[in-house]
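Take a look at the structure below.
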Amino acid sequence: MINYMKSEYYRLFRQKGLYITSVICFLLIAAAAAVLYYFGQSDPNFPYNTGEFFYSNVIGSGLLIVLVGIIFNSTLTGKDMSLIKQSVSFGISRKIIFWSKLIITLSCFLAVCAVGILFMIVLGENMFPSDQQSVRHFLIASVNMAPLILSGFFLTHALKMMKVGDIYIIFVLLFIYGFSSNLLRNLFRPVTGLNEIYKYTPNTLLNDNLMHFMDGTVQFEYLYWIIGIVISVIAILIGAKKFKNQSID
């Protein structure tokens, strides 16, 4: 497994898309900071020249981060999927292939996210007025987001390994992390006992996390982790089983 993971790491770091995506993400963070700083300096009454509002750009971008995860996931589950047949013929088990690709792409995704968070804190604390609680609230809100973002990454990996097309994956992610609450709220509104199930959907939780962050009441919530872990486990179990049994063209 170690040798296979080394070869996958080598293949990963040769992907130009990985570096381009990372640079674009950091540039967008810097651009958001520059725009807010410029208007804050130009207009003393500009209401959004605060560290809290700057941090809210990330806390409110859960769906976008999940979609960006597709790009990181695709570095080893895109065109490189054509090499799986060769790997299997050399005696590499499908289990090793499935988990190696997940571990490697996930570690890269987490590293970029961690650097992005640190970059935001450095910019936020040096460019904007900020109270002592803003960074603490930002980190708590980020921790709440983490399991939901990761569940999207795991779901993407499972679907990619099952050879589901990118367009369909995007639709699935948009539904689960963007629009599922509205559908479930309207669907189960007349059903007693199920009329509040929409409150446990990822997009409702992401929105609640943003609202709590903005009003300064954010705190660590176990529910976010429970929902994220449930989605992740279901996605990985189904994905691993389907990949183990599917034909390799």
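Of note:
- Tallying residues that are under 22 Å from Gln133 (Cβ atoms), open to solvent by 40 Å² or more (accessible area, probe 1.4 Å) and either assigned to a helix (DSSP H, G or I) or without any contact (Cβ under 8 Å) to a residue 24 or more places away in the chain (or both) within the stretch 179-222 yields 8.
- Checked against the criterion of being out of contact with any Pro (no Cβ under 6 Å at 6 or more places or on another chain), open to solvent by less than 50 Å² (accessible area, probe 1.4 Å) and within 24 Å of Ile226 (Cβ to Cβ), the stretch 90-106 contains one or more residues that satisfy it.
- Going through (1) open to solvent by 40 Å² or more (accessible area, probe 1.4 Å); (2) under 20 Å from Leu106 (Cα atoms); (3) not acidic (Asp, Glu) one by one, Ile167 falls short only on (2).
- Subset of the stretch 121-133 [part of a loop (DSSP other than H, G, I, E, B), open to solvent by 20 Å² or more (accessible area, probe 1.4 Å) and not hydroxyl-bearing (Ser, Thr, Tyr)]: Pro129, Asp131, Gln132, Gln133
- Screening the candidates Leu155, Leu139, Leu118 for the property of being closer than 18 Å to Gly239 by Cα and either under 12 Å from the mean Cα position of the chain (by Cα) or not in a loop (DSSP other than H, G, I, E, B) (or both) yields one hit, Leu155.
- Residues located in the stretch 223-249, provided they are of a type in the set (Gly, Ala, Ser) and open to solvent by 40 Å² or more (accessible area, probe 1.4 Å): Ser247
- Among residues of the stretch 7-38, those that are in contact (Cβ under 8 Å) with a residue 60 or more places away in the chain and charged (D, E, K, R), counted: 2
- Every condition in (1) surrounded by 15 or more Cβ atoms within 10 Å (Cβ to Cβ); (2) touching a Phe, Trp or Tyr at 6+ places or on another chain (Cβ under 7 Å); (3) of a type in the set (S, T, N, Q) is met by Ser151 except one, and the failing one is (2).
- Residue within the stretch 48-62 that is under 27 Å from Gly239 (Cα atoms) and modelled with pLDDT of 80 or more present: yes
The values are calculated or read from the model by the stated rules, or taken from the named source; none is laboratory data. Source: prediction; values computed, not measured. Glycine gets a Cβ as well: all are built from the backbone with ideal geometry, and neighbour counts include every protein chain shown. The area values use the complete protein model at the heavy-atom level, side chains included, leaving out ligands, DNA and RNA. Shrake-Rupley method; radii C 1.70, N 1.55, O 1.52, S 1.80 Å.
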